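Handing you a structure now.
The values are calculated or read from the model by the stated rules, or taken from the named source; none is laboratory data. All figures in this text were calculated on a predicted structure; none of them were measured in a lab. Cβ placement follows ideal geometry from the backbone for every residue including glycine, while neighbour counts extend to all protein chains displayed. Each accessible area value is taken on the protein alone, full model and side chains, heavy atoms only, with ligands, DNA and RNA left out. Shrake-Rupley method; radii C 1.70, N 1.55, O 1.52, S 1.80 Å.
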Amino acid sequence: MDYYSGKELSSYLEEMIEKTNRWLIIVSPYVRISGRIKSYFEKLLNNKVEIILIYRTNYGNTQNIRSEDYDWLTKHNIQVKSCSNLHAKCYINECEALITSINLSDYSMSNNFEQGVSFRKMWEEDTYMDILSDIIELNCDGASIDFDYDKYNSGYCIRTGKRIPFNIDKPMCDEAWEEWCKYG
């Protein structure tokens, strides 16, 4: 677990977004997407990265996401969901999760004192998976989030080609692993 604040947090968040390889879920009640973040998203989308954004539902004159940002996101096939009771801010990808006070907006990133704590899947897997599960199970104004974690967390046995959970330390199905352990 690592702690960030101020400009260091903004830099860390941008770097986390930029370095995403497979999928990115953003939970931010208030969204104002800057040109810089759009360019990061475009690069990710060009690399076939799945992006999901969850924001707080707009009420009355309160616009928690600008219509031009919403239109830009949906035009780029980014899954956008709203949640009426959302207050949390979280950014999570295939490697790490960032729980923070920072919204996805330039104003938050540039003007506010913000704090955040990151959890790496490799070192804090239980906490990371708890964070991901909570997000996936969110009730987004009656709709669920369309995200299949297992699609990104599977691999193939290097001997049989059978689909297995991704594990760099054991890249074989149980049968092939047993055989390999016996005979090498």
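List pairs: first residue in the range 61-81 and touching a residue at least 60 places away in the same chain (Cβ under 8 Å), second residue open to solvent by 60 Å² or more (accessible area, probe 1.4 Å) anywhere in the structure, Cβ distance under 7 angstrom, at least six positions apart or on different chains.
Gln79/Asp146
When you go through Gly155, Gly60 one by one, which is the residue that is closer than 30 Å to Lys170 by Cβ and more than 16 Å from the chain's Cα centre (by Cα)?
Gly155
In this structure, is Trp123 aromatic (Phe, Trp, Tyr), modelled with pLDDT of 85 or more, open to solvent by 100 Å² or more (accessible area, probe 1.4 Å) and farther than 30 Å from Glu68 by Cα?
Here the answer is yes, as Trp123 does meet what is asked.
I've got another one for you. How many residues are touching a residue at least 40 places away in the same chain (Cβ under 8 Å) and either in a helix (DSSP H, G or I) or open to solvent by less than 30 Å² (accessible area, probe 1.4 Å) (or both) if we restrict to the range 128-155?
So the answer is 7.
List the pairs whose first member sits in the range 10-32 and is within 15 Å of Asn103 (Cβ to Cβ), whose second member is at pLDDT 95 or above and open to solvent by 90 Å² or more (accessible area, probe 1.4 Å), and whose Cβ atoms are under 9 Å apart, counting only residues at least 6 apart or on separate chains?
none
Name the single residue, out of those in the range 168-184 being open to solvent by 70 Å² or more (accessible area, probe 1.4 Å) and assigned to a loop (DSSP other than H, G, I, E, B), that is farthest from Ser154 (Cα to Cα).
By that ranking, first place goes to Asp169.
Residues that are crowded, with 18+ Cβ neighbours inside 10 Å and at pLDDT 95 or above, at least 3 per element: which strands (runs of 3 or more DSSP E) completely within the range 1-98 meet that?
23-27, 50-56, 90-93
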